[in-house]
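J.: Here's a structure for you.
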Protein chains: 2
Amino acid sequence: MIVIKTFLFKVINLKKATIKDVAQLAKVSISTVSNALNGVNVVKPQTKARILKAAHHLNYSPNLMGKQLRSGQTNTIGVFTDSVAGPYFYQLIETISQAVAAKHYGLSVTLANNHTALMNALLGNTCDGAIIFDHRVDDRDLEHLAGQGIPAVMLDRPVSGERLSSIVFDSFNESYLATQYLLKLGHRRLGYLAGYDNNRDNHERFSGFQQAILAAGLNLEDMVVLKGLFEEKASFEAMQTYLTTATAQPVTAFLAGNDLSAIGAIKAIQAAGQHVPTDYSVIGFDDIEIASYFQPALTTVHNPIAQQAQLAVTELIRLLTTKQWGQQQVLPGELKLRDSTAQC
Amino acid sequence: MIVIKTFLFKVINLKKATIKDVAQLAKVSISTVSNALNGVNVVKPQTKARILKAAHHLNYSPNLMGKQLRSGQTNTIGVFTDSVAGPYFYQLIETISQAVAAKHYGLSVTLANNHTALMNALLGNTCDGAIIFDHRVDDRDLEHLAGQGIPAVMLDRPVSGERLSSIVFDSFNESYLATQYLLKLGHRRLGYLAGYDNNRDNHERFSGFQQAILAAGLNLEDMVVLKGLFEEKASFEAMQTYLTTATAQPVTAFLAGNDLSAIGAIKAIQAAGQHVPTDYSVIGFDDIEIASYFQPALTTVHNPIAQQAQLAVTELIRLLTTKQWGQQQVLPGELKLRDSTAQC
DNA sequence: ACTATCATTGTATCCGGTTCCATTACCAAA
DNA sequence: TTTGGTAATGGAACCGGATACAATGATAGT
C-alpha cells in the first residue's frame, strides 16, 4: 500500500502546482497567496512566510497565461522577424536584449514562418508592444495593429502613426556619399551590385548611387548594374560573367548592395588574376564582422545598429507608457575607409 | 451628439474584439463561434460564413492567453538562452526555426537577463517544451523542470532524465585529435589558450589537450597555458606577454579555446613580426564564419551546428509526443585543415 | 463593556477562450 | 399526429491567476 501511495504521490506531483495548491498547503485563500507573492503589502509577515514556504515546497511558479490573461499585461516586449540569419540581426538583438532588461521588461523573439502565423502571434496579446523587423508586414497589417492598440516600432520601413514609430537607416544618403567618394577618387565608370528587387534598402541604395552620378554630371548609361542578390555566391558569378565580357572601357569601381556581395565580387576579381584596390575599387554596406578581417579589408558603410536597437526599445516604451504619437527616426551611417578602395 | 458618439465608437473600437463581440455581431453563442473558427465540423455552413464575416469585420484574432490557458497547450517550442551574441547562436537558431516550422510549431526565443527571470519564463507554461542553451541552468533547475513535466533538451551539458535530453559536441575527443594532429606535424612544445574556468567546453578541450600530450609520452610541464578567455583581445594580450618573455625553447604550436582566441593570438604573433604557420601553428575551435576569411585561413574544429539544431527539435518533439525517456547524444566534430598549421 | 478603526483574510467575479453536455429545431418514419 | 433521431446551437463550467469588495478579528478609545 505504501508503495502505491508513493507512486500516486509522484504522479500527482508531476502536475504543476497552482496557486490553489499553495493556498491549501498554507491554509489560506488564494487571494492571500496572490497578495503575498506579488508583494502587496497587506499580508501579515507570519502568514507571508508560511505561504512562501509552501510555495517553495511545492516548487510553485505562477502560470503566466493565467496571470497575463487577467492582468492584461505581459510585461514583455516582442521582437517579430522573418529571419534571424546574418550578422545584422544578432548585433541588433544583443543590444535590444540589454536595453529591454534594463527597463525590466521580458523579451521574446518570435520567428514566424508565414504571414498568418506572424499576425496571429502579433495580435495574440503575447506581448505589450512589438519591435518588427519583417518585410512581410504591410500597411494593412499595421492598420490592424493600430486598431488593436498594440504599440509597435518598425525597423525596416519608415512609417508612423498613433502608436507606431519607425527607426531606419539613411540608406539613400549613405549610398549617395559612398558613390561621391568613389567619384572623388577619380573613378568615372561605376558599377552597382544590386540586391533583391523588392527590398527597400536596395532601392534606396540604388537611387543614391544614381543621383550621385547624375549630380556629378555623368551619364547613367555608362554605368553597369549586376545582380548580386545580397549574396556572396550570386555576386561572385555575376562579377565573373562581367569580367569575361568586359569592354574596352571597363568599370573601375563597384558599389555593392551589401558586404557579402562586395566580398563575392572581390573574390571573383581575384580569381580572374586581378587586384583590389589596384585594378578595381569596391565598397560594401553594413560593415559586418567579416568586413574588417577580409583581405583586403573592406571599405564599407557602417550603420549604427546598436543605436538603432537602443532607440527602438526606448521609443517602444515611450509609446507604451505615454499616449503620445509615434514618430519616424532616420539614423545616419558612416563610411569606413579601409583597403578595398583607391585612386583610379 | 453625433460627434461624441463617433468618438465613443472609436474609443470602444480601440479595444480588441473578443470572441464575445463576434458572437454578438453574428447573433450566435460564443461556443458556436469557437467551433466555427476552429474547424469543428458541426456548424452549419451558412452560420459559419456569417461568423467568419463578423470576425473579419471586427478584425478579430483570438487572444492566445485565453486559448492556451484553457487548452493547456501553446503549440510553441521555446528556446531559452543567456546570450544571442556570437555566430554560434544564430547558426543554431536558423536551423531550429526551420525545423520547428516544418513540424508546425511556433518558436519563441527567450533571453532572460537573470536566473529568476529565466526560471519564471521556463516554468511559466509559455511553451510546450524547451530547448535550453544557458549555462546558468543547473541540475536543481532541471529537477524543477522535470517535476513540472516540461520536456527539455539541453545543448550545453550532457544530461538526461524522464523528460530531459541533451545534444552536445564531443569536445574532449575533438581536442584530443586536434592536439594529436599538432604532434603529428612534429611539434613537441605546445600551448593552450584557455577559455573561462567554469566553462564545460573549455574544461573538456583542455582535458583532451592534456591527455593527447600524455598519450604521446610527453611531459605536461613543457606545455604552456595562456589565459585567452575566449576573446580576441584577451588572447592578443596574453600572447603578446608570452612572446616578450619567451624562453630558449619556445612553444611552436597553440591550441586555442575557440576561434576568436586563435585570431587574437595570431594577430599578436604577426604584430611581433613573426609568422603563422611558419613560426607558429595555431588551431581554433568552432569554425566561425570569419575563420575561413582570416589570413591565414584558420585550421579549426568544425562542429555540426545545423545537425545539433535539427536533432534538438526532433528530440524535443519526441519527448513531447511520446512518453519515452530522454537520452544523451554526442556529436563528433571535424578538424578543418587550413593555413594556420604547418610542419614544425 | 461597547464601538469605531484598522489590519488581515476570504469570497466572488472576471479575463478570453475551449469543451462537455443539454437543448432546440427539423425532418422522416410510423 | 406522434415519435425518434440527428444536426445545429446554446449554457455553463473551467483553465490559473488578479482584484474589488465583504467579512472577520483584534485593538484601542471612551
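The values are calculated or read from the model by the stated rules, or taken from the named source; none is laboratory data. Values in this document were obtained by computation on a predicted structure and should not be read as measured data. Please note: Cβ atoms are built from the backbone with ideal geometry, for glycine as well, and neighbour counts cover all protein chains shown. Ligands, DNA and RNA are stripped out before the accessible areas are found, and what is left, the full protein with its side chains, is counted by its heavy atoms. Shrake-Rupley method; radii C 1.70, N 1.55, O 1.52, S 1.80 Å.
J.: In debye, nearest 20, what is the charge dipole magnitude of the protein assembly as shown about its Cα centre with +1 on Lys and Arg Cβ and -1 on Asp and Glu Cβ, if you could check?
T.: Once rounded to the nearest 20, the dipole reads 3900 debye.
J.: Roughly how many Å is it from the Cα centre of region A:118-159 to that of region B:132-174, as a whole number?
T.: 35
J.: If you take every residue apart from A:Phe294 with its C-beta less than 12 Å away from the C-beta of A:Phe294, what net charge results, scoring Lys and Arg +1 and Asp and Glu -1?
T.: Taking every Cβ under 12 Å from that of A:Phe294, the sum is -4.
J.: Looking only at B:Ser83, B:Ser97, B:Ser281, which one moves most when chain B is put into a Gaussian network model with springs between Cα atoms under 10 Å?
T.: Greatest mean-square fluctuation among the candidates belongs to B:Ser83.
J.: Taking the label point 7 Å from Cα in the Cβ direction, how far apart in nm is B:Leu52 from each other copy of itself, listed shortest first?
T.: Computed spacing set for this position: 5.5 nm.
J.: Let me ask something additional. If you fit an axis through the alpha-carbon atoms of helix B:232-244 and take the longest principal axis of the Cα set of chain B, what angle between them do you get, 0 to 90°, nearest 10?
T.: Taking Cα atoms only, the helix is inclined about 10 degrees.
J.: Please calculate how many Å² of accessible area the protein assembly as shown carries per residue, with a 1.4 Å probe and no DNA, RNA or ligand atoms counted.
T.: 48
J.: Share of the protein assembly as shown's accessible area from carbon and sulfur, percent, 1.4 Å?
T.: 54
J.: Still on this structure: For region A:28-40, what does the Karplus curve 6.51 cos²θ - 1.76 cosθ + 1.60, with θ = phi - 60°, yield as ³J(HN,Hα) per residue in whole Hz, taken in order and with x for Gly and Pro?
T.: Per residue, the Karplus-derived 3J(HN,Hα) values read 9, 8, 5, 5, 5, 4, 4, 4, 4, 6, 9, x, 5 Hz.
J.: Can you list, shortest first and in nm, the gaps between the label point of B:Gln211 and those of its counterparts in the other copies, using a point 7 Å from Cα in the C-beta direction?
T.: Between copies, matching label points for B:Gln211 lie 6.3 nm apart.
J.: Can I get the semi-axes of the protein assembly as shown's equivalent ellipsoid? Compute them from the C-alpha gyration tensor as square roots of 5 times the eigenvalues, in angstrom, largest first.
T.: That gives 48, 39, 21 Å for the three semi-axes.
J.: Then there's this: If you put +1 on each Lys and Arg Cβ and -1 on each Asp and Glu Cβ, how big is the dipole of chain A around its Cα centre, in Debye rounded to 20?
T.: I would put it at about 2580 debye.
J.: Connecting C-alpha atoms closer than 10 Å in a GNM of chain B, tell me which of B:Asp286, B:Asp82, B:Asp139 has the biggest fluctuation.
T.: Result for chain B, Cα springs under 10 Å: B:Asp139 fluctuates most.
J.: Something else now. Relative to the Cα centre, what is the charge dipole magnitude of region A:1-152, using +1 at the beta carbon of each Lys and Arg, -1 at the beta carbon of each Asp and Glu, and rounding to the nearest 20 debye?
T.: I would put it at about 1500 debye.
J.: List the residues whose amide H sits under 5 Å from the amide H of B:Gln328, counting only those 5 or more places along or on another chain, with H placed 1.01 Å from N in the peptide plane.
T.: B:Ser166
J.: Starting from the 7 Å offset along Cα-to-Cβ, what nm value, one decimal, do you get for the label separation of A:Arg136 and A:Gln249?
T.: Simple spin-label model gives 4.7 nm for this pair.
J.: Please list, in order along region B:72-79, the HN-Hα scalar couplings obtained from phi with the Karplus expression 6.51 cos²θ - 1.76 cosθ + 1.60 (θ = phi - 60°), rounded to whole Hz, x for Gly and Pro.
T.: Calculated HN-Hα couplings, in order: x, 10, 10, 6, 10, 9, x, 10 Hz.
J.: Could you tell me the relative contact order of chain A? Use alpha-carbon pairs under 8 Å, at least six residues apart, and round to a whole percent.
T.: 16
J.: Take peptide A:101-111, look around each residue's Cβ out to 10 angstrom, count Cβ atoms belonging to other protein chains, and average those counts.
T.: Rounded to a whole number, the mean comes out at 5.
J.: Per-residue Cβ counts within 10 Å, from other chains only, averaged over A:65-72: what number is that?
T.: Average per residue, whole number: 6.
J.: Once phi is turned into θ = phi - 60°, what whole-Hz ³J(HN,Hα) does the Karplus curve with 6.51, -1.76 and 1.60 give for every residue of region A:215-227, x standing for Gly and Pro?
T.: So the Karplus estimates, Gly and Pro as x, are 5, 7, x, 8, 9, 4, 5, 7, 8, 10, 10, 10, 8 Hz.
J.: Shifting gears a bit: At a threshold of 8 angstrom on Cα-Cα distance, excluding pairs fewer than six apart, so keeping six or more, what relative contact order does region A:248-300 reach in percent?
T.: Value for region A:248-300: 39 percent.
J.: Tell me the distances, shortest first, between A:Val40 and the same position across the other copies, using label points 7 Å along Cα→Cβ, in nm to one decimal.
T.: 3.4
J.: Charges on Cβ only, +1 for Lys and Arg, -1 for Asp and Glu, centred on the Cα centroid of the protein assembly as shown; of A:Leu331, B:Gly149, A:Ala234, which one is farthest towards the dipole's positive end?
T.: Among A:Leu331, B:Gly149, A:Ala234, the one farthest towards the positive end of the dipole of the protein assembly as shown is B:Gly149.
J.: Same structure, new question: According to the square roots a ≥ b ≥ c of the eigenvalues of the Cα gyration tensor, what is the shape class of region A:150-256, taking rounded for a/c under 1.5, prolate for a/b larger than b/c otherwise, and oblate for the remainder?
T.: Oblate, because a/c is 1.5 or more while a/b does not exceed b/c.
J.: Another question about this same structure. Starting from the amide H of B:Val224, placed 1.01 Å from N in the peptide plane, find each other amide H under 5 Å away whose residue is 5 or more places distant or on another chain.
T.: Close amide H contacts, sequence-distant or interchain: B:Leu190, B:Gly191, B:Tyr192.
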